[in-house]
1. Just Pro91, Pro105, Pro50 to compare: in a GNM of the chain, with alpha carbon springs under 10 Å, which one fluctuates most?
2. Just to verify a number: FRET efficiency for Lys131 and Ile61, C-beta to C-beta distance, R0 = 60 Å, to 0.05?
3. Using the Karplus equation 6.51 cos²θ - 1.76 cosθ + 1.60 (θ = phi - 60°), what ³J(HN,Hα) coupling, rounded to whole Hz, does each residue of segment 87-94 give in order, writing x for Gly and Pro?
4. Cross-link partners among lysines for Lys131, C-alpha distance below 26 Å, same-chain residues fewer than 8 apart left out?
5. So what are the ³J(HN,Hα) numbers for segment 73-80, from phi and the Karplus equation (6.51, -1.76, 1.60; θ = phi - 60°), rounded to whole Hz, Gly and Pro as x?
6. Specify the inter-centroid distance of segment 74-96 and segment 28-49, based on alpha-carbon positions, in whole Å.
7. Counting residues in the chain as N, plug N into 2.2 N^0.38 Å and put the Cα Rg over that result.
8. Run down the aspartates and glutamates and flag those whose C-alpha is under 14 Å from the C-alpha of Lys442, throwing out any fewer than 8 positions away in its chain.
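Here, each number is a calculation from the coordinates, and none is a lab measurement. Bear in mind that the values here come from a model prediction, so they are computed numbers and not experimental data. Neighbour counts are summed over all protein chains in view; Cβ atoms, including those assigned to glycine, are modelled from backbone coordinates with ideal geometry.
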Amino acid sequence: MTYNNSDTSDGFLPESEVKFIHGKPVGPPSRATLMVKHIGQLVTMRGPSPRVGPALNDLGIIEDAGIAVAGDRILAIGPSDEVEGRVPVAPQCELIDAKGGLVTPGFVDSHTHPVFNMTREKEFALRLQGKSYMDIAGADGGIRASVRDLRASGEETLKAELRKRLDRMLAHGTTTVEAKSGYGLSTKSELMSLETIKYWNERHPIEIIPTFLGAHEVPDEHRAKREDYIKILIEEMIPEVAKQNLARFCDVFCEEGVFTIAESERILEAAGKYGLKYKLHADELKSSGGAQLAVKLGAVSADHLIAVSSAGIKALSSSKTVATLLPGTSYSLGLDKYAPARELISRGGIVALATDCNPGSNYSESMAMMVSFACLHYRMTPAEALSAATVNGAAALGLAGERGQLMEGRHADFVVWDAHDYREIPYHYGVNLVSSVVKAGKLVVSHDEK
Ligand code: NIG
Ligand code: FE
């Protein structure tokens, strides 16, 4: 695999400044800086964003297609003869030969917890012996074990660990990822976690949307008086995170034994006063009304929903709050229960898929695996799952119409696959079928011939 982070501009035109109106380039004609030829099956996801109901199956496929990119945007996309015939090419234009294979939008992984150091495979083994996630969290493990470790590890270790995860995500086709803090749980270590995210967002090809999750758990030192911690969250952490512009979203782990509905509402409303948008870990293991709270507060997404009630499903289905489903979490916790994806879809809910990549309940960076789990455990069609992992993932980050679709004028974020048909992604699972990744118009991953 080669990993290319260099500037490929040819010095001829300021392609990054090509202007688009209604998706059409305006101003002087631009030249392509990167072309993809010989695409057998191109999944564009053109059309509505987000997708609901039957539209989830509409992938906007073009056969025998090409893509021309200028700077970070798509200049032309369509049947190959049209694209190649009408686009002037810059002298040092990069060429990708898709060899008759599949191209899709890059995955948008809208829920991850990647800022941690210590892994917790011991807990995985304990669960196989019959201990539950909450048993382990109540003993010496769980989120608080990760917190003790993060506080003891330096910023450099954390940076190196996060970078490895971002590299793996990109190599597996994720071009935009949400990343939460939440293993620091003190002002100092939460800020350090968010600064680590910012550090890589400025240097790594993957695009990172940061979320403040100081309300992931009550840390050891405040267990006796949890109200003190909530005060610190509201009066100290949130204002500082907002002042330093370190997060776009605020999230809360609203769950029996973690934060109650009333506490979650107080914390989110405090964050709203500082301009942060809302996400909520809702009804993950037990139903507590988290989905209804997310809808009531106008949260951008309600996530997990393994145990969501019928009232919660109803509330979500008639709202704009995205139901972000994380099938890897049921899988890795060894649960029999999976979120009710079919019911959410048939009632018109907006469903997105994400990894939940974290050291406790699901350690995987692979969105392709989540697409596979969604097909087999949620009974989503391969097309529904792919829509949920791209165009609807963008909606879960407030980026509907900006990411997750391949159209003229849109960001050039896509994956060339060592596959011919999109259904191979869930079908041929557990191996990396990504051949190349283009992020913001640059070739950033190129796997060698297999
Ligand atoms: O999304 N639910 C809360 N947070 C994670 C698990 C975090 C951990 O166990 O470290 C989740 O499942
Ligand atoms: Fe999570």
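1. Greatest mean-square fluctuation among the candidates belongs to Pro91.
2. Efficiency, rounded to the nearest 0.05: 0.85.
3. 10, x, 10, 5, x, 9, 4, 7
4. Within reach: Lys122, Lys286, Lys337.
5. Once rounded to whole Hz, the list reads 10, 7, 8, 8, 8, x, x, 4.
6. Centre-to-centre (Cα) distance: 8 Å.
7. Its radius of gyration relative to the 2.2 N^0.38 Å reference: 0.96.
8. Reachable aspartates and glutamates: Asp7, Asp10, Glu15, Asp72, Glu94, Glu207, Asp413.
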